[in-house]
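Undergrad: Quick one: structure below, then a few questions.
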């Protein structure tokens, strides 16, 4: 089977959106994050996308010291491509957000491609009781939150990563973010093949309707032609529906507890691996097959796991 028939599954194991009180299955401690990433890789994820948290409170922690306990463990236990966030949490500065990727020089780092409103407060309609004061404050605060990713911020990350050889997962939450990416491609500040992650269903970004998915893909095709690989993530209940649509269209997929806590209506996912297995079943049911980590490296022209800083 050619690499064109292969699907890269990315698993985003914890993120910065959901809070510990929402699910007892959300990885918080370094041990939990490592075990979640290893389990996802064993289930079929070629890439794991990683954030760190304070092990006592679960609050997002974007210091390199917070990532250090689990990165070597994941690398030693799996062959998965390790992808570090530069998004951190929306209330952090770009200088804070880039530090782990700058320090550890991973094969892949995420890069948000535009500023946006980032509304998490609707989750307060479902979740009422919180163990830590920061959880409610973060959700309420998103009513007046702009996730800043200016052109200067994006250039800051690109320059900070410099010649580390790290490629980017370009997170595009709206059509304008694709045009922003095209601007940086035209200037030669990013190099193909581009790994474009289209994000659907965050309040403030593009919606989760099937026509939105088609519109995002058509626009990316027009802007980037054969210079990119397309992947999708659907927030919350949209996760598997959008993954199925994208897989049927020839795209790649991202799942994980960063993006959705669920494994069906009203059923919490008990692990990241569970979501990987669910999306793998969809992919294989469509007659496609999943990419191994080394196949993903070839598809995305990555530098290899022996050239990282951990």
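Derivation of every value follows stated rules applied to the coordinates shown; laboratory data play no part. The shown structure was predicted, so the numbers you read here are calculated from the model rather than taken from an experiment. Cβ placement follows ideal geometry from the backbone for every residue including glycine, while neighbour counts extend to all protein chains displayed.
Undergrad: Consider residue 280 carefully, then state whether it is outside any loop (DSSP other than H, G, I, E, B), in contact with a strand residue (DSSP E or B) (Cβ under 7 Å, 6 or more places away or on another chain) and more than 27 Å from residue 26 (Cα to Cα). Full working, then the answer.
TA: Numbers: outside any loop (DSSP other than H, G, I, E, B): yes; in contact with a strand residue (DSSP E or B) (Cβ under 7 Å, 6 or more places away or on another chain): yes; more than 27 Å from residue 26 (Cα to Cα): no.
In short, no.
Undergrad: Can you pull out the residues in segment 44-62 that are out of contact with any strand residue (DSSP E or B) (no Cβ under 8 Å at 6 or more places or on another chain) and farther than 24 Å from residue 98 by Cβ?
TA: Across segment 44-62, the qualifying residue is only 56.
Undergrad: Report the residue count in segment 1-21 for those that are in contact (Cβ under 8 Å) with a residue 24 or more places away in the chain, in a loop (DSSP other than H, G, I, E, B) and farther than 18 Å from residue 84 by Cβ.
TA: Total satisfying the criteria: 3.
Undergrad: Next up: If you go through segment 30-75, how many residues are surrounded by fewer than 19 Cβ atoms within 10 Å (Cβ to Cβ), under 23 Å from residue 233 (Cα atoms), touching a helix residue (DSSP H, G or I) at 6+ places or on another chain (Cβ under 8 Å) and without any contact (Cβ under 8 Å) to a residue 40 or more places away in the chain?
TA: Looking only at that region, the number is 0.
Undergrad: Would you mention how many residues in segment 161-207 are part of a strand (DSSP E or B) and under 17 Å from residue 108 (Cβ atoms)? Reasoning before the result, please.
TA: Step one: list which residues in segment 161-207 are part of a strand (DSSP E or B), which gives 167-172, 194-200, 203, 205.
Then drop every residue that is not under 17 Å from residue 108 (Cβ atoms), which leaves 167-172, 194-199.
Total satisfying the criteria: 12.
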